[in-house]
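Here's the structure, in structure tokens; my notes come after.
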Amino acid sequence: MWNKKSHVHCYAQCSSYAEKVPVILTVVLTLAIAGCAPRTFQQQGQWSLTPFTRPDNPKPVISPNSSSAFLDPMSGKSIHWEANDTFNPAAAVKGDSIYVLYRAEDKSGQGIGERTSRLGLAASSDGLTMHTRSQPVFFPANDSQKAYEWTGGCEDPRVAMADDGTYVMLYTQWNKKVPRLAVATSKDLVNWEKHGSVFRKAHQGKFFDIPSKSASIVTSLKNGRQLITKVNGRYLMYWGEHMINVATSEDLINWTPELNTNGGLLASVSPREGYFDSQLTECGPPAVLTKDGIVLLYNGKNRSGAKGDTNYTANTYAAGQILFDKNDPKKVLQRLDKPFFVPQEAFEKSGQYPAGTVFVEGLVYFKNKWFLYYGCADSRVGVAIYHPK
């Protein structure tokens, strides 16, 4: 999720590639890609994963805990690692339970992005009641990724399972200089192997030092299990914050971004003036390949003033859905004009992000239902459920 200081420049450098295009052409392309005119995209259709509803008597499923302590490798001291906030979760199914990997912040700094983030793990047999571990399972350590994770930490995971049972996690490395999209793998969701930046090798390292984050790998349902799937012979992910980009991989570790004719990032989706996603379009949980196409859930940030959607609070994050062509995954077929999920409950509007946030990141298919886990105002974790007909 965007924050006011740590990631404010995330796409300033990326966007510079697009600025090489003449201004008039850029405007035309932006309107065409973003769907700004005319408003031809339907609000809901049979293709979308809707409706997601909150449980009866909604409440957070994970909240900050000031008692759990952890020996921090960076300082050598005992740290209350989840005392300040717990939010922005990933989710996966293992055995007969749902497991949620959530971002937790300590009290080492003031303001969003100024503390250290680590990832905690919770388990649930019903998707609602969570049992958390007292120690984080993923954190900045004295390892090969030290230069990219100290002291900001590990943020905003998305997790999906490969055919061989390997869990693939895409997350943001934050060294308080450059946010980098990175990958780690695990067989049990507890012990992880870090592989570093997903773009380290792509295009001769051109995007290694370019800010990057928020990746949604494409999955599909196979015999009732949600698994990473190939599209046109390659693994595929949508990624990005200011715009939605596409990248492909042969091994789930090294990823290659799609480029435009000028050698910059190919933006398949951009913010739309006057809509709930007028400021940011940030990828959410793993996308789902269906008979209609590829469904991507994403987080839209509403711009303040006349350029935003006045039906929603300025600067609020709400969730949208996009349908991509499964034969041409860069092509948008349909896009919801209105969010399918918005901040509603008090705990979604009170926290370190008071404008209101339902930031979707974890999506799993469990007991014939879709469970969607989301960050609440950058402070807690919530869940919503969709039961297909």
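The values are calculated or read from the model by the stated rules, or taken from the named source; none is laboratory data. What you see is a predicted model, and the numbers here were worked out from it, not measured in a lab. Reconstructed Cβ throughout: ideal geometry from the backbone, glycine too, with neighbour counts over all protein chains shown.
List of remarks:
- Between Thr116, Thr166, the distinction of being surrounded by 22 or more Cβ atoms within 10 Å (Cβ to Cβ) and more than 17 Å from the chain's Cα centre (by Cα) belongs to Thr116 only.
- Here Leu323 meets each of (1) part of a strand (DSSP E or B); (2) surrounded by fewer than 22 Cβ atoms within 10 Å (Cβ to Cβ) with one exception, condition (2).
- Candidate set: the stretch 282-304, residues that are touching an Asp or Glu at 6+ places or on another chain (Cβ under 8 Å) and of a type in the set (S, T, N, Q); chosen: the one nearest to Thr316 (Cα to Cα): Asn302
- Within the stretch 241-273, tally of residues that are of a type outside the set (Val, Ile, Thr), farther than 20 Å from Asp309 by Cα and assigned to a loop (DSSP other than H, G, I, E, B): 12
- Residue within the stretch 106-121 that is in a strand (DSSP E or B), at pLDDT 95 or above and under 26 Å from Ile244 (Cβ atoms) present: yes
- The residue that is farthest from Val198 (Cα to Cα), among those in the stretch 220-238 that are part of a strand (DSSP E or B) and in contact with a Leu (Cβ under 6 Å, 6 or more places away or on another chain), is Ser220.
- Selection status of Val358, farther than 25 Å from Ile62 by Cα and among the aliphatic types (A, V, I, L, M): no
- Only one of the numbered conditions (1) out of contact with any Phe, Trp or Tyr (no Cβ under 8 Å at 6 or more places or on another chain); (2) hydrophobic (A, V, I, L, M, F, W, C); (3) part of a loop (DSSP other than H, G, I, E, B) is violated by Phe276, and that is (1).
- Qualifying residue in the stretch 335-343 (condition: buried (at least 21 other Cβ atoms within 10 Å of the Cβ), touching a residue at least 60 places away in the same chain (Cβ under 8 Å), more than 30 Å from Asp56 (Cβ to Cβ) and in contact with a Leu (Cβ under 9 Å, 6 or more places away or on another chain)): yes
- Residue within the stretch 165-176 that is more than 21 Å from Ala122 (Cα to Cα) and out of contact with any strand residue (DSSP E or B) (no Cβ under 6 Å at 6 or more places or on another chain) present: yes
- Residue ID - nearest to Pro64 (Cα to Cα), chosen from residues in the stretch 122-136 that are part of a strand (DSSP E or B) and polar (S, T, N, Q): Thr132
Every residue, every condition in (1) within 25 Å of Tyr374 (Cα to Cα); (2) among the acidic types (Asp, Glu); (3) surrounded by 23 or more Cβ atoms within 10 Å (Cβ to Cβ), yes or no:
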{"position": "Ile217", "(1), (2), (3)": "yes, no, yes"}
{"position": "Thr248", "(1), (2), (3)": "no, no, no"}
{"position": "Leu259", "(1), (2), (3)": "no, no, no"}
{"position": "Asn262", "(1), (2), (3)": "no, no, no"}
{"position": "Phe276", "(1), (2), (3)": "yes, no, yes"}
{"position": "Lys301", "(1), (2), (3)": "yes, no, yes"}
{"position": "Asn311", "(1), (2), (3)": "yes, no, no"}
